[in-house]
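Accompanying notes for the structure given below.
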């Protein structure tokens, strides 16, 4: 029977090609996302390895943890005296001082983006080989990586401004690489003398790191230095740094990975519909042949096995192709992600055997599972079917299937709706999956009224009526075609509704809570904000400013996870924000302690007066008394769940940067005048942006837009395949009805009417898919937003025009999918069609 | 004698393929079909019966010759015009019934009229259905009908638009002898009582025995024909084809 299966695959290669494409797409998403994350992981590792290759140990300020939420913690600069202490040690061969931080490069007022600013260190201790020009040796000399120079069109001799907390005029004196490549895998780098870096970063003579080499084994020099320098200073080996880097990389890529894996699952589900369809098509086409095989003595089991082996072959071929495509498309994915400002590292791809195994296993498993239904139907073909003139697919749909489907749908819908009324969140996902399975099972019957309704419009004409009947003739096949497209559409609808709801809620919440006219933030995307503290001092001096208060963000370790907190002025905050408290008063923060959000208090069963243990990078574990509980709404508008006063903040953190400054206009000033005045005054601080409410909200919802954009593009690929599925189903429908078409033509149906008939069939399927997809997507987003509303103030927002556009595109795509089959049907020669068996 | 013939084919030539492998399906075939008569066309396999019928019915084109349906010349007519012609002026009955499975018996019968955008004459349809014994089966779909019933629906469909000529291609090929007899009797009555011109291609001498006239095709030419055939006479004539063929030197 295995040879039989191989022969079948070859005989139906055209039809199976679509199956292959469907599986391939899903598998390529899987392999692509695995390759991408492995590559990123390795690049981060390599980067740390390269960066520390020439160094035995790195001396820097000690912190309780190295990175949080994907950001390396900011370390205090070390006093210059540490360098003297290090050099004093006998076994230290070299000790190179480094100051580093983040800065933006600007050229004649144009921002060139964010650069890692660090001190030039000659090789082999330094990891940036000079590729062209000279190393920096005067104040204002800068070397940038060659990759960035190429991208930005910069060359040696160009003058720039390096804008950190201080702006310094600079000139490019050389171009450097990183290891063997033209630049670091993530971001760009600017290298200057120690003095330049210290000036830009305003750390005076402070040092970020001291790179040490020694004759002693690493462990020995590490302990010798640690003994000498005390616990305030960390002496890290290359391994320590690499481990920290890996952790940082993992959390950086988390979101992208989740999106890609979700997309893989979606693509595979769409693929599964098409696989099931193609197999049932191929099997119904060769019912007669199967019957002959059965009559010749094959058991039902053997037939079942042969179909499954066929699926296995198709799955394996498609998965292998999918892995290859996935690897190739990684380049495309990178470009795509970058288009939506999601950063992905460059570099050689890392392809692990595990990636190939997982991707192929998933592809084969999905194919075989999807083929089980058709295979069972094939096994049920009786030997007698060989004698019958034709064996069309059963018109009926199993009652059990429909009842079970409806039951699953009901349970799933109830489950997914339950979190809206306080049930655990987990039910939402499980419920949506169950409901979807239920819809798929009941679809052949449930779709009948939809198709009948859609088809009624055209059924007054003969082509219209025949098209409608054709779609109802094979309800399972039609349902699978509809569902493949509807599922993709539903996901798009779901993402756009939930995204819009989140955006609207974020905006509404912000407007409701924050009454500041203008917010000053950093133009860069620093996680903790990057507004130099001098800005605040300037702002309060401006005549148009009525009230100004600063906010600072900081990370702290909460057991294993990292959380953020906000430092604020407990008195001034109430003038720029509506702070509503459940218990206590925000002003109580003046006496120290922490205010927590209501949901944290509920989750962790905390009340005012309890002590909250918090671990800080620089000050270690502290016990802070809870002095108040703030409502969730204002907490979210201020973006964290924990609040301390600026004085407490200063004691816990040494960062001097402000995250933002909230400004109210003075009595005689309009917000617009205030904005203009601030912009004029802050011209010297190029990294600082003056934002009105709309701009702040746009900035905060940027991530939603990024995810939506990425998901939409990825889903679009899957939808293209689903649309091709319509063409496939139609092609088969035509093949099955060849003689009927010949007959209609012989009785005087024109070619145009035949084409119209097929086209209407395509439109019915597409419209049914649009209706189903919209209903599923909207229903699903109601449950999701309902569930979200229990933890955040959010209500459903349906972006109607956007949905119309999506639905319109799908409908048009369905129309286009019908073109080729329609032409083919119209072109059938009458006599040959009549003679078709 | 204006239009004494319902349809008249003259000197039809049709060749399939080119070069040494070319097959001349029609070789100056000429045939006139009398109005209101039931004509059978017979001949050995490959004699060109089907090609001749398809050409006369406007389903296929010929290389040369003339086909006149009433006052209309079919040869050289565009595909589109032939399509429109088939809607109402010509009817078909196929060996394999060829009903549209998705449509009821009644919808199948009305199909050519609907394609032509014409209203069905309900009195006429009822009369046809009653005569054919399918009046109580009109709401059924083809899958719910027996072979004989399906073929009678196909006959009703062919006659529904009162076409000038009905072509029947081996109409009894798939039927048992009782159903065949009933069908042939009806076709004969349709010609005699209703004046319906019917052309039937068959290889069954007993079916030809129901016709008013039989014409014989051989090697793409009409070679013989006579009125009021009987099964025995037809069988006898057919046997001679076999002899003639055997005499042809290899």
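The values are calculated or read from the model by the stated rules, or taken from the named source; none is laboratory data. Only a predicted model underlies this, so the values are computations on that prediction, with no experimental measurement involved. Virtual Cβ from ideal backbone geometry, glycine too; neighbours counted across all protein chains shown.
Here is a yes/no grid of residues against (1) buried (at least 18 other Cβ atoms within 10 Å of the Cβ); (2) modelled with pLDDT under 80; (3) assigned by TED's automatic domain parsing to the domain that holds residue A:737:
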residue	(1), (2), (3)
A:456	no, yes, yes
A:486	yes, no, yes
A:496	yes, no, yes
A:529	yes, yes, no
A:532	yes, yes, no
A:536	no, no, no
A:545	yes, no, no
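Every listed requirement among (1) surrounded by fewer than 17 Cβ atoms within 10 Å (Cβ to Cβ); (2) farther than 30 Å from residue A:167 by Cα; (3) in contact with a helix residue (DSSP H, G or I) (Cβ under 9 Å, 6 or more places away or on another chain); (4) touching a residue at least 60 places away in the same chain (Cβ under 8 Å) is met by residue A:575 save one, (3). Screening B:103, B:84 for residues that are closer than 25 Å to residue A:462 by Cα and part of a loop (DSSP other than H, G, I, E, B) leaves exactly one candidate, B:103. Look at (1) farther than 27 Å from residue A:757 by Cβ; (2) surrounded by 20 or more Cβ atoms within 10 Å (Cβ to Cβ); (3) within 13 Å of chain A (Cβ to nearest Cβ) and you find that residue B:170 fails only one, number (2).
Residue B:36 meets the stated requirement of being more than 14 Å from every other protein chain (Cβ to nearest Cβ), in a loop (DSSP other than H, G, I, E, B), modelled with pLDDT of 90 or more and in contact with a strand residue (DSSP E or B) (Cβ under 7 Å, 6 or more places away or on another chain). Of the residues B:152, B:87, the single one that is under 21 Å from the mean Cα position of the chain (by Cα), within 8 Å of another protein chain (Cβ to nearest Cβ) and crowded, with 19+ Cβ neighbours inside 10 Å is B:87. The residues of the range A:585-603 that are in contact with a strand residue (DSSP E or B) (Cβ under 8 Å, 6 or more places away or on another chain) and closer than 21 Å to residue A:793 by Cβ, listed by number, are A:586, A:595, A:596, A:597, A:598, A:600, A:601.
Within the range A:135-157, the set of residues being over 19 Å from residue A:187 (Cβ atoms) and either out of contact with any strand residue (DSSP E or B) (no Cβ under 8 Å at 6 or more places or on another chain) or surrounded by fewer than 16 Cβ atoms within 10 Å (Cβ to Cβ) (or both) comprises A:137, A:138, A:139, A:155, A:156, A:157.
Checked against the criterion of being surrounded by fewer than 23 Cβ atoms within 10 Å (Cβ to Cβ) and under 32 Å from the mean Cα position of the chain (by Cα), the range A:725-738 contains one or more residues that satisfy it. Kindly indicate whether any position in the range B:51-74 is within 13 Å of chain A (Cβ to nearest Cβ), modelled with pLDDT under 90, part of a loop (DSSP other than H, G, I, E, B) and more than 17 Å from the chain's Cα centre (by Cα). Scanning the range B:51-74, I find no residue that is within 13 Å of chain A (Cβ to nearest Cβ), modelled with pLDDT under 90, part of a loop (DSSP other than H, G, I, E, B) and more than 17 Å from the chain's Cα centre (by Cα), so the answer is no. Of all residues in the range A:148-182, those being under 25 Å from residue A:531 (Cβ atoms) and touching a helix residue (DSSP H, G or I) at 6+ places or on another chain (Cβ under 8 Å) number 8. When residue B:140 is tested against (1) at pLDDT 90 or above; (2) over 17 Å from residue A:746 (Cβ atoms); (3) in a helix (DSSP H, G or I), exactly one condition is not met: (3). Of all residues in the range A:412-429, those satisfying the criterion of being assigned to a helix (DSSP H, G or I) and surrounded by 16 or more Cβ atoms within 10 Å (Cβ to Cβ) are A:412, A:413, A:415, A:416, A:417, A:418, A:419, A:420, A:427, A:428.
For residues that are under 21 Å from residue B:80 (Cα atoms) and free of Cβ contacts under 8 Å to residues at least 24 places away in the same chain, scanning just the range B:101-121, find the one that is nearest to the other protein chains (Cβ to nearest Cβ). For the range B:101-121, the residue satisfying everything is B:114. Out of the residues in the range B:90-100 meeting the condition of being touching a strand residue (DSSP E or B) at 6+ places or on another chain (Cβ under 7 Å) and at the interface with chain A (Cβ under 9 Å from one of its Cβ atoms), tell me which one is surrounded by the fewest Cβ atoms within 10 Å (Cβ to Cβ). Filtering the range B:90-100 for residues that are touching a strand residue (DSSP E or B) at 6+ places or on another chain (Cβ under 7 Å) and at the interface with chain A (Cβ under 9 Å from one of its Cβ atoms), the one surrounded by the fewest Cβ atoms within 10 Å (Cβ to Cβ) comes out as B:94.
Of everything listed in (1) within 38 Å of the chain's Cα centre (by Cα); (2) under 16 Å from residue A:199 (Cα atoms); (3) modelled with pLDDT under 85, the single unmet condition for residue A:126 is (2).
Say we look at the range A:159-180 and pick out the residues that are surrounded by fewer than 18 Cβ atoms within 10 Å (Cβ to Cβ) and touching a strand residue (DSSP E or B) at 6+ places or on another chain (Cβ under 9 Å); which of these is nearest to residue A:201 (Cα to Cα)? Checking each candidate, the answer is A:169. For the residues A:758, A:778, A:767, the requirement of being more than 13 Å from chain B (Cβ to nearest Cβ) and surrounded by fewer than 22 Cβ atoms within 10 Å (Cβ to Cβ) singles out A:778. Applying the criterion of at least 2 residues that are in contact (Cβ under 8 Å) with a residue 12 or more places away in the chain and more than 34 Å from the chain's Cα centre (by Cα) to the strands (runs of 3 or more DSSP E) found wholly in the range A:135-220 leaves A:141-145, A:159-163, A:167-176, A:209-214.
Of note, residue A:496 does not satisfy the criterion of being under 30 Å from residue A:662 (Cα atoms) and either away from chain B (no Cβ under 14 Å) or in contact with a helix residue (DSSP H, G or I) (Cβ under 9 Å, 6 or more places away or on another chain) (or both). When A:740, A:832 are checked against the criterion of being free of Cβ contacts under 8 Å to residues at least 24 places away in the same chain and within 14 Å of another protein chain (Cβ to nearest Cβ), a single residue qualifies: A:740.
Here A:470, A:452 are screened, and the one residue that is surrounded by fewer than 21 Cβ atoms within 10 Å (Cβ to Cβ), within 14 Å of chain B (Cβ to nearest Cβ), at pLDDT below 80 and in a helix (DSSP H, G or I) is A:452.
So is residue B:234 touching a residue at least 24 places away in the same chain (Cβ under 8 Å), over 26 Å from residue B:98 (Cβ atoms), in contact with a strand residue (DSSP E or B) (Cβ under 8 Å, 6 or more places away or on another chain) and part of a helix (DSSP H, G or I) or not? Yes, satisfied.
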